[in-house]
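Enquirer: Attaching a single structure in structure tokens format; questions to follow.
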Amino acid sequence: MLELGFQSSRKKKKSSKGHDLCSIIINLKEKNMRNLFLILTVVLGSTMSMAQSKSKVVEIQTSAECGTCKDKIESTLNYTAGIKFAELNLLTKKVKVKYIPSKISIEKIRHIISETGYDADKVKANPESVQKLPKCCQPGGMKKH
């Protein structure tokens, strides 16, 4: 009986050591996961800030006339690779474009606007594209109504 009692206490010690070992392993895994999460957060944050610093903003004077013009210019630019955001102010007729210079140039943006049927700074609108625009969007179109 003494022997059994001794063995059972040894088994208890082994099992408690096993639990301690498991606890240590679990704690190490949790710490490693936390460290990994922290590292990923820092890396992703710095990558995002670098990506944002690579973008530029330009304002381009257009010949837009109305809300339809606004929709056409914004939708064309907003679905163009390299452009993050475009918004046209109808009062000033200027489109504000946030773009990535390594993917698209200002000249290309102006060309896209021109091909849509509108002047873009000193780049004149493509005459064929202008003819395809609704009457209200053509030069002087809003003054005729």
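Enquirer: Output the residue which, of all residues in region 108-126 that are outside any loop (DSSP other than H, G, I, E, B) and of a type in the set (Gly, Ala, Ser), is surrounded by the fewest Cβ atoms within 10 Å (Cβ to Cβ).
Expert: The extreme case among them is Ser114.
Enquirer: Moving to a separate point now. For region 94-107, which residues satisfy the criterion of being surrounded by 14 or more Cβ atoms within 10 Å (Cβ to Cβ), in a loop (DSSP other than H, G, I, E, B) and touching a strand residue (DSSP E or B) at 6+ places or on another chain (Cβ under 8 Å)? It would help to see each step written out before you state the result.
Expert: Applying the first criterion (surrounded by 14 or more Cβ atoms within 10 Å (Cβ to Cβ)) to region 94-107 yields 94-100, 103-104, 106.
Imposing the further condition that a residue be in a loop (DSSP other than H, G, I, E, B) reduces the set to 100, 103-104.
Within region 94-107, Ile100, Ile104 qualify.
Enquirer: Still on this structure, I have one more. What are the residues in region 59-93 that are assigned to a helix (DSSP H, G or I) and not polar (S, T, N, Q), if any?
Expert: Hits for region 59-93 are Gly67, Cys69, Lys70, Asp71, Lys72, Ile73, Glu74, Leu77.
Enquirer: Hey, another quick one. Restricting to region 60-93, name every residue that is among the basic types (Lys, Arg) and either more than 17 Å from Pro139 (Cα to Cα) or in contact with a strand residue (DSSP E or B) (Cβ under 9 Å, 6 or more places away or on another chain) (or both). Explain how you work it out, then say what you get.
Expert: So the first thing to find is which residues in region 60-93 are among the basic types (Lys, Arg), and the list is 70, 72, 84, 93.
Passing the criteria: Lys70, Lys84, Lys93.
Every number here is computed from the coordinates shown, using simple stated rules; none is lab data. Just so you know, these numbers come straight off a predicted model, no measurement behind them. Quick reminder, even Gly has a Cβ in these numbers, built from the backbone with ideal geometry, and neighbours come from all protein chains shown.
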